[in-house]
Amino acid sequence: MNWEKNRLVIAGVAFVAILAVAFFVLKKRDADPADDAGDSEEAAELPAIDRDAITALRISRPAEDGEGEREVVRLVKSGETWTLAEPLEADADTTAVNTALDKLEDLEVTGVAATREANHERLEVDDAHAIEVTVEQDGAEPVTLLIGAFGDLGTMVRLPGEERVLTVGGSIKYAFNKDLKDWRNRRVLDIAPDRVVGVTFESAQGGTWTFTRNAQDEWTPIEGQTEIERFGGNKVQSVVASVSRMRAVGFAADDVDVAAAGLQEPTGTVTLVVKPEDAAEGDAAEGEETAPAVVDTESVVLSVGAQREGAEELYLQLQGEPTIYVISKYLADRMRPDATAFQTPEPGSEPEGPAGMPGMPPGMGGPGGPGGQQIPPELMQQIQQQLQQQQAGGGHP
């Protein structure tokens, strides 16, 4: 071989080999394998957490803009009830708390994602990006977890002071990455709709309308009230179901008081007349109609305030309670109805599509089904009953 003649080719091959070795070394370093001695999956564990022993949760997460102080929420268990203790005192949302407890109870380490601090930021388990969850347990030392990103292998979790990053099965970050309002109980009322035996709607634009539930469990206007053409008692029931199970979308800011919320002169009020849960029907002799029982009722008053600046939302307050809620404009408008809100459509005027019946599937809102086909009356009745049951069970979303 003529070495002098092929020296450029030989040098090129050697250079490529050196590049390949360098690439392999760099890739091995970046991969940060976690199979070193002492870092096997068998040795990868988290401190034990007993759901039944949990007495408090402290959740600290980065500010949304990435700057400023971290947002801290502290939840405390009292008996079987959870409450917010920081940054304010309020009832906690049961679903949100149970979701967090479920995730803590089901933590299962599935592997080791990294063993060096250089990877913490990338995996979002560094001090700047991680959600810090401290679990206080009765009879045990508190456990603090730094929860990071969710990927194909699961959710990244690190213990404070450790470089090693573990993976736990499934997605758990969402259960703790919540705004303050999502930890608070946003349920304004939780009254079974069938306990409401009377309702009055009052607003400047819609007027005043009062209805009562008769012995046949039907809603009827009170005597002397302006007659409502094509009155439909199911329209009243629909609003009552939404209001009695009402859930707010949020809460007024700290600097919004009753005056600023427009609640000193409400834009509308709703008064529910509610019978006790254990109210029984009266007894009657055989062959006679059942006499209605005489029961004490209570009045529940809700006031709708002004519209929140820059949003399709309004303020609301339950009489006798200091909390100022925020509700959707849709629900606020339902609470300030005019006569048309209680009218059934004129024969032949029902619009097609979903506008015909709120909540109906597309093409099922009018007298015709998909493609203009006629919906059998039996099916339409079943659909209406299902919608009413959904409204009665959950109210306004």
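Observations on the structure shown:
- Residue in segment 193-213 that is in a loop (DSSP other than H, G, I, E, B) and more than 18 Å from L331 (Cα to Cα) present: no
- Each residue in segment 147-182 was checked for being closer than 30 Å to G250 by Cβ and in contact with an Asp or Glu (Cβ under 6 Å, 6 or more places away or on another chain), and 2 pass.
- Contact map, segment 36-54: residues that are more than 20 Å from N98 (Cα to Cα) and at pLDDT below 50 paired with residues that are among the β-branched types (V, I, T) and in a loop (DSSP other than H, G, I, E, B), Cβ distance under 6 Å, separation 6+ or inter-chain. Pairs shown: D39/T115.
- Looking across segment 299-335, the residues that are free of Cβ contacts under 8 Å to residues at least 60 places away in the same chain and in a loop (DSSP other than H, G, I, E, B) come down to R308, E309, G310, A311, E312, Q319, G320, E321, P322.
- One residue stands out among those in segment 237-258 that are of a type in the set (V, I, T) and either part of a loop (DSSP other than H, G, I, E, B) or touching a helix residue (DSSP H, G or I) at 6+ places or on another chain (Cβ under 6 Å) (or both): the one that is surrounded by the most Cβ atoms within 10 Å (Cβ to Cβ), which is V240.
- Filter pass, F251 being over 24 Å from G305 (Cβ atoms) and modelled with pLDDT of 95 or more: no
- Residues satisfying the stated conditions in segment 336-345, i.e. surrounded by fewer than 20 Cβ atoms within 10 Å (Cβ to Cβ) and outside any strand (DSSP E or B): D338, A339, T340, A341, T344, P345
- Tally, over segment 138-183, of residues that are surrounded by 19 or more Cβ atoms within 10 Å (Cβ to Cβ) and of a type in the set (S, T, N, Q): 2
- The set of residues from segment 137-151 being more than 15 Å from K103 (Cβ to Cβ), among the small types (G, A, S) and modelled with pLDDT of 95 or more comprises just one member, A149.
- Condition met for T115 (surrounded by 15 or more Cβ atoms within 10 Å (Cβ to Cβ) and touching a strand residue (DSSP E or B) at 6+ places or on another chain (Cβ under 7 Å)): no
The values are calculated or read from the model by the stated rules, or taken from the named source; none is laboratory data. Just so it is clear, the model here is predicted, and its values are computed rather than measured. Here the Cβ is made from the backbone with ideal geometry for all residues, glycine too, and neighbour counts use every protein chain on show.
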